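K.L.:
Have a look at this one.
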Amino acid sequence: MKYARLVVALALIGLLAGLGPHVLPEYWVRVLIVLGINIILVSSLGLSNGFTGVFSLGHPGFVALGAYVSGILTLELTKKGAYLPDLPGFLAGVQLPFLPATLIAGVFCALVAVVIGIPLMRLSGNYVSVATLGFLVIVNVVLVNAEQFTRGSRTFTGIPPYTDLGWVAGWAVVTLLVLSRVAYSPLGRAMRATRDDPIAAQAVGIHILPARLMAFALGAFFAGVGGALYGHYLVSFSPATFYVAMLVQQLTMLVLGGQASLTGAVVGVSAITLLSEVLRNLERGFSLGSLQVPAVFGASQIALGFIFILVMVYRPQGLLGDRELPLVTGGRVAKGAGPVYKDTVGGGRT
Amino acid sequence: MLETHDLTKSFKGLMALKRHHLRVGPGEIVGVIGPNGSGKSTLFNLISGFLRPSQGGVRFEGHEISRLAPATIARLGIARTFQGTRLFKNLSVLENVRAGAQLRYPVNLVEAVSGWGRARAHQTASEGRAWGLLELVGLAEVAAQPAGSLPYGNQRRLEIARALATGPKLLMMDEPAAGLDSHETAALLQLIRRIRDQFELAVILIEHDMDLVMNLCERIQVLAYGETIAEGTPAEVQADPRVREAYLGGVA
Ligand SMILES: Nc1ncnc2c1ncn2[C@@H]1O[C@H](COP(=O)(O)OP(=O)(O)O)[C@@H](O)[C@H]1O
Ligand SMILES: [Mg+2]
């Protein structure tokens with residue numbers, strides 16, 4: 001009984017993943033895969049940005065690391081010889097299945113997050129945003145220069161196309177399950193408490209650094225997993241794939257839905273994904289009666305930027321504020337604990 | 001139980017607290033009074049670890065605590081409220097108190113995700129404790145409201161409940177009656193007495209409301225410009241000429 005809703009949700013997702021590819025048009029399967037990956041990426045970003053108030057701009061850096069790590073670990077040995085002839089011995093000889101590669105990608109990102117988080121999570125407000133943006137830039141530069149591992153700025157290709165709707169749905173469920181259980185446990189309460197008032201949080205025995213670090217590292221883990229899924233979906237990518245455009249998209253999805261809400265992350269991702277698809281079709285140009293609308297390239301990018309600005313100006317708490325479906329909080333938060341979450345990006349909390 | 005020894009803090013040459021000595025025993029209610037800027041809040045910040053002493057230190061139950069982190073000190077059993085209030089304003093009233101209770105009911109990542117181990121028992125226990133404290137301070141009816149939406153007087157009571165939830169042996173309150181009307185202040189006095197008796201706490205109270213201080217405290221220390229100018233029972237302190245001078249003949 002207690003798990004009834006979970007079982008129903010899993011059954012629906014299983015059905016979707018199992019039947020989807022057979023009954024849905026190819027186009028919609030691809031849209032759903034990207035949607036699922038973005039749910040993983042954006043909800044994991046929300047844990048640090050919305051729940052602890054550490055507004056990180058470094059998320060695509062972890063996505064990139066996840067994609068490259070899993071890509072290197074799963075590449076066929078013959079392709080490895082051809083594309084990455086200079087790989088060090090232990091990597092040149094391994095070819096892992098999808099699941100272990102994905103998990104290693106996630107753990108690798110979590111470890112990187114802990115290492116950079118120990119100094120960075122002590123910073124406050126805007127400083128932490130700037131510093132994490134610095135991390136994103138560093139990752140990009142390192143990937144471009146580590147040609148031995150990544151082919152540099154050239155396309156990294158030949159990655160096995162493992163990602164399908166089943167994997168994505170499965171990982172999305174795991175991500176939301178883990179994040180919701182953490183966010184609405186004492187650990188998540190510590191995160192939200194440090195966000196609202198770090199001084200008062202310390203006075204009731206909450207250590208700031210571990211609370212923030214856990215959110216950052218857990219977010220990085222799922223960013224790495226999502227990056228691995230995305231890599232095996234794209235099959236070829238370059239460092240530029242995981243840069244500012246991806247950051248703007250993730251942030252727009254997050255703030256539109258409501259940073260401090262996992263439900264909000266799903267809503268934001270869904271809304272922007274649909275909108276992007278519509279805009280992408282419009283970009284190619286269309287005719288409206290006798291009116292010919294010419295192709296406008298980059299229209300969807302511009303629209304995302306506009307949405308981001310409009311949300312920040314008119315509804316900084318996002319569509320949902322910090323409201324959640326009861327399914328997400330598992331009744332662990334008293335009802336009516338209202339949507340008052342109001343704050344601007346990186347808004348100078350110490 | 002608590003002892004400050006030679007406790008001194010200077011801010012870039014400004015001596016906020018000078019060679020301060022105070023002993024507080026179990027169950028005692030001690031008042032600290034003095035004009036604005038006399039170093040009272042600085043004293044609390046030193047004891048609770050938010051400031052490092054320039055000289056001297058603080059002992060709690062025989063251990064030197066003045067180099068410990070604020071959260072560590074809270075875990076040892078010293079709770080405090082703040083001048084003004086500092087609530088987790090986006091969290092519900094109940095969640096605020098539970099945030100205070102959770103240091104006594106810790107849960108690790110694996111337990112939180114799986115629901116195994118201490119997760120269930122600790123959730124029940126901390127929730128029960130939080131409800132009990134909300135009943136005590138009279139906020140059970142508004143438990144689901146966001147803390148930031150409460151009127152000022154109730155925010156004060158909530159902050160006290162949150163501090164109590166940490167299971168302290170010593171509770172320090174920084175001007176709890178500021179901004180309250182006489183009705184609310186009288187209720188606060190009753191509440192503090194009840195808390196002390198029920199939880200067997202020591203209390204240190206910073207307060208400007210002389211009625212409250214004189215009625216509640218067994219012992220009072222008076223600060224002025226960071227120096228301790230008097231210490232004694234309410235009657236002794238009221239009779240002290242230096243205290244009258246410090247307050248410009250005002251209250252005493
Ligand atoms: N963090 C700080 N930095 C610099 N000066 C401070 C700081 N905190 C307090 N002070 C100064 O120390 C003196 C004592 O302040 P405080 O302890 O807040 O007084 P009280 O609580 O008795 O009104 C004041 O002159 C105040 O300006
Ligand atoms: Mg003060």
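K.L.:
Based on this model, can you work out whether B:GLY128 counts as of a type in the set (Gly, Ala, Ser), out of contact with any helix residue (DSSP H, G or I) (no Cβ under 7 Å at 6 or more places or on another chain) and part of a loop (DSSP other than H, G, I, E, B)?
P.N.:
Criteria not met by B:GLY128.
K.L.:
Do you know which residues across segment A:185-207 are within 19 Å of B:ILE47 (Cα to Cα) and either open to solvent by 30 Å² or more (accessible area, probe 1.4 Å) or among the aliphatic types (A, V, I, L, M) (or both)?
P.N.:
A:ILE199, A:ALA200, A:ALA201, A:GLN202, A:ALA203, A:VAL204, A:ILE206, A:HIS207
K.L.:
Taking segment A:71-124 on its own, how many of its residues are crowded, with 17+ Cβ neighbours inside 10 Å and among the charged types (D, E, K, R)?
P.N.:
So the answer is 1.
K.L.:
List every residue pair whose Cβ atoms sit under 9 Å apart, with the two residues 6 or more apart in sequence or on different chains, where the first one lies in segment A:71-91 and is closer than 11 Å to A:PHE149 by Cα and the second, anywhere, is of a type in the set (Lys, Arg) and open to solvent by less than 20 Å² (accessible area, probe 1.4 Å).
P.N.:
Filtered contacts from segment A:71-91: A:ILE72/A:LYS80; A:LEU87/A:LYS80; A:LEU91/A:LYS80.
K.L.:
Further question on the same structure: Would you pick out the residues in segment B:59-79 that are open to solvent by less than 10 Å² (accessible area, probe 1.4 Å) and among the hydroxyl-bearing types (Ser, Thr, Tyr)?
P.N.:
Residue satisfying the conditions is B:SER66 alone.
K.L.:
Checking the condition at pLDDT 95 or above and assigned to a helix (DSSP H, G or I), which residue from A:ALA82, A:ALA67 passes?
P.N.:
Details: A:ALA82 fails: at pLDDT 95 or above.
The match here is A:ALA67.
K.L.:
Of the residues that make up segment B:54-65, is at least one touching a strand residue (DSSP E or B) at 6+ places or on another chain (Cβ under 7 Å), within 11 Å of ligand 1 (Cβ to nearest atom) and away from chain A (no Cβ under 14 Å)?
P.N.:
There is no residue in segment B:54-65 that is touching a strand residue (DSSP E or B) at 6+ places or on another chain (Cβ under 7 Å), within 11 Å of ligand 1 (Cβ to nearest atom) and away from chain A (no Cβ under 14 Å).
K.L.:
Of all residues in segment A:143-191, count the ones that are within 14 Å of chain B (Cβ to nearest Cβ) and in a helix (DSSP H, G or I). Full working, then the answer.
P.N.:
We begin by selecting, within segment A:143-191, every residue within 14 Å of chain B (Cβ to nearest Cβ); these are A:173-191.
Pick out the ones that are also in a helix (DSSP H, G or I) and you get A:173-183, A:186-191.
Number satisfying all stated conditions: 17.
K.L.:
Just checking, which of A:LEU234, A:LEU275 is more than 14 Å from chain B (Cβ to nearest Cβ), within 18 Å of A:ARG30 (Cα to Cα), open to solvent by 10 Å² or more (accessible area, probe 1.4 Å) and at pLDDT 95 or above?
P.N.:
A:LEU234
K.L.:
Collect the residues in segment B:88-104 that are surrounded by fewer than 24 Cβ atoms within 10 Å (Cβ to Cβ) and more than 7 Å from chain A (Cβ to nearest Cβ), keeping them in residue-number order.
P.N.:
Scanning segment B:88-104 gives a single hit, B:ARG104.
K.L.:
Could you list, ordered by first residue, the pairs with Cβ atoms under 6 Å in which the first is in segment B:30-49 and farther than 27 Å from B:ALA235 by Cβ and more than 14 Å from every other protein chain (Cβ to nearest Cβ) and the second is among the hydrophobic types (A, V, I, L, M, F, W, C) and near ligand 2 (Cβ under 10 Å from one of its atoms), at least 6 apart or interchain?
P.N.:
Close Cβ pairs satisfying both conditions: none exist.
K.L.:
Hand me the list of helices (runs of 4 or more DSSP H) wholly inside segment B:1-111 holding 3 or more residues that are away from ligand 2 (no atom under 16 Å from the Cβ).
P.N.:
B:70-76, B:93-101
K.L.:
Here is a further query. Give me a count of the residues in segment B:9-32 that are within 12 Å of ligand 1 (Cβ to nearest atom), out of contact with any helix residue (DSSP H, G or I) (no Cβ under 6 Å at 6 or more places or on another chain) and not charged (D, E, K, R).
P.N.:
Qualifying residue count for the region: 6.
K.L.:
Looking for whichever is open to solvent by less than 60 Å² (accessible area, probe 1.4 Å), farther than 29 Å from A:LEU320 by Cα and outside the structural domain of B:LYS9 (by TED's automatic domain parsing) here; the options are B:GLY56, B:GLY128, B:GLY117. Which one fits?
P.N.:
B:GLY128 is the lone residue from the list that is open to solvent by less than 60 Å² (accessible area, probe 1.4 Å), farther than 29 Å from A:LEU320 by Cα and outside the structural domain of B:LYS9 (by TED's automatic domain parsing).
The values are calculated or read from the model by the stated rules, or taken from the named source; none is laboratory data. What you see is a predicted model; the values in this text were computed from it and never measured. As a convention, Cβ positions derive from the backbone with ideal geometry for all residues, glycine included, and neighbour counts pool all protein chains shown. SASA here: full protein model, heavy atoms, side chains in, ligands and nucleic acids out. Shrake-Rupley method; radii C 1.70, N 1.55, O 1.52, S 1.80 Å.
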